[in-house]
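Have a look at the structure below before the remarks.
The values are calculated or read from the model by the stated rules, or taken from the named source; none is laboratory data. As the structure is a computational prediction, the values presented were derived from the model and not from experiment. When we count neighbours, we look across all protein chains shown, and the Cβ atoms used for this are built from the backbone with ideal geometry, even at glycine. Surface accessibility is based on the protein's heavy atoms, side chains included, excluding ligands, DNA and RNA. Shrake-Rupley method; radii C 1.70, N 1.55, O 1.52, S 1.80 Å.
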Amino acid sequence: MSPSYETDAVGLGRASATIAAAHTRRTGTDKHAFENAKAAAGIALEALNLVAALGENVPYLGAIATALTAFKRVMDEVDACKEGCRAAMKDAEAFENLLYEFQAEWGYVESNGKDALHQAFRDAGNSVLACLYALQSAKVDSQRWRDRLKLVFKRDELQATTRECRLRMKIAKERFSMTVAMDTNRLVHRIHRHLQPVGAVRGPTSTLETSWRRRAAPAMFFGREAEVDQAIDLISHQHPARVAILGSGGIGKTSIALSVLHHPGVLALYGDRRCFVSCEAIASADGLIRALSEATNLNVESDTSAESARHRLLSHLTASEAGVICLDNMETPWNTDMVAIEGLLADLASLPSTALIVTSRVMDTPLIEWSTPALEPIMPFSVKAALQTWDVICKRHDHHAVKLVNAVECVPLAVVLLARLARFEPARDIWRRWEKDHTDLIHLHDVGHRLNNLAVSIELSLRALHDQDAVDILSILSIFPYGLKEDDISRFEDILEHRYSVRRAIATLQRYSLAYIDDHEWYLDVRVVRVLSPIRHHISQ
Ligand SMILES: Nc1ncnc2c1ncn2[C@@H]1O[C@H](COP(=O)(O)OP(=O)(O)O)[C@@H](O)[C@H]1O
Ligand SMILES: [Mg+2]
């Protein structure tokens, strides 16, 4: 599923610019060269595009082809050792042709599961990536005349690098061809299996497979009795309920939705058929259909048409026992594919036994029959709940903490961020900084009132980090709405090892609540590092 690919690509540009800017800072050449760094980040952009694609499980071929294009461009620019470059370019072209031929014949690999072929694609991608980085560190893409001049003198070194790149690509190409050959057998077998009736090929279903997918209940949850009670009341008395939880970023919508989903009353009604789908990375109705199918354990092959995927999902939900679906941040796909999303929501709302919970930061809602009385837009929690939250994070609060939670008008996310800061410095000092920085930062973020305080809290946390690497990594993490899985992080660590310690940066971000580990309840070994959506939005501004 690739709904986030395009938006991610835009974000990746920013991230690679960040990397390049950080690199420039570190080498001490020009402190204010952020804009220039953007131009120099071309290679990093391609490379990160590839990483994103590998991590997000989106089309591999496209990503590798993009990286190969970048590779060829770099080769084209190297004028210090024409011979070796021409040979490397020939190799790259042969590799690319091989990929295209493969795509023409076996397009199915684009969104398939985790098989040997995917591993081969990954390896091929990583090899191209490694070559790009090797060349980048030789500064072959640099526009600066000094760098280019140095290159002429570093001829030998560059020739060796190019030779090594050629070799790596050659090995990758051979390995890839071999895997394709081996996979052909498996493909034939798979086609054969597809032709069998569904029941004939499926093994026994495990209990995990019957359980719909959801996130765990929030670890901290204070106040909000009224909101939760009202939602539970609607869900218990108006079968099937359609509940919208609306409000600005960081106000606590997701926490409320998850608490409702895990409430004993909802558990008694729907058992394991309670699912939670984050729509943050979904850009279309088709994307939502596929995410919902996955979350409710419906196996829809990637080559199924959008229309029949939709039909299958609706039939599946109609045939299933009663269940509840929570669509978090529904405004994301709604903003990009409004008519289709409204149509899909209308279909979901017409299902006789599926309750619907939707969270959105947009106050307007799609025109479906919402259960009444609708919840009022979510407001900040009480000072009492804010201080309870503070106490869980910092053990105790003083009158400066009270001043701080009031200053941020008890917006839960802002409270959490400030409380995290207060673990490392006295609330009195944070209050002083708040007073001092607040006006500056308000000027910086010319946005609405309450959101302004949230933005200021985020900025205060970023400043308190004193760790540019962590900020850079945060900007990369913010690109991935679904977060990064363990193996994605290892890959990042490998790729960026010369510039960052990714894991250390992530640990720092976690300490300040700027990133968190998302434990999936239904699948215990999947741990994903994520950034809350308001922080992601702030960073991307
Ligand atoms: N009732 C609550 N008690 C304690 N912390 C909360 C509460 N509601 C939200 N938070 C914290 O505030 C932050 C933002 O909450 P979240 O539910 O993600 O907001 P939204 O979905 O509106 O952006 C999270 O760190 C969450 O843990
Ligand atoms: Mg949310």
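Could you state the accessible area per residue of segment 211-360 in Å², with a 1.4 Å probe and every protein chain left in place? Don't skip to the end; give the middle numbers.
Numbers: 5210 Å² over 150 residues.
Per residue, segment 211-360 has an accessible area of 35 Å².
Let me know the charge dipole size of segment 211-360 about its Cα centre in debye, to the nearest 20, where only the beta-carbon of Lys, Arg (+1) and Asp, Glu (-1) is charged. My answer is approximately 300 debye. Cα convex hull of segment 235-284: mean projected area in nm², to one decimal? That works out to 4.4 nm², a quarter of the Cα hull's surface. Solvent-accessible surface (1.4 Å probe) assigned to THR210 amounts to roughly 80 Å².
Convex hull over the alpha-carbon atoms of segment 211-360: what's its volume per residue in Å³? Intermediate results must be reported in sequence, preceding the final value.
Working: hull volume 15.6 nm³, N = 150.
That works out to 104 Å³ per residue.
ASP391 sits among other residues whose Cβ lies under 15 Å from its own Cβ, and their net charge, with Lys and Arg +1 and Asp and Glu -1, is +4. Rolling a 1.4 Å probe across all protein chains gives ARG433 an accessible area of roughly 60 Å².
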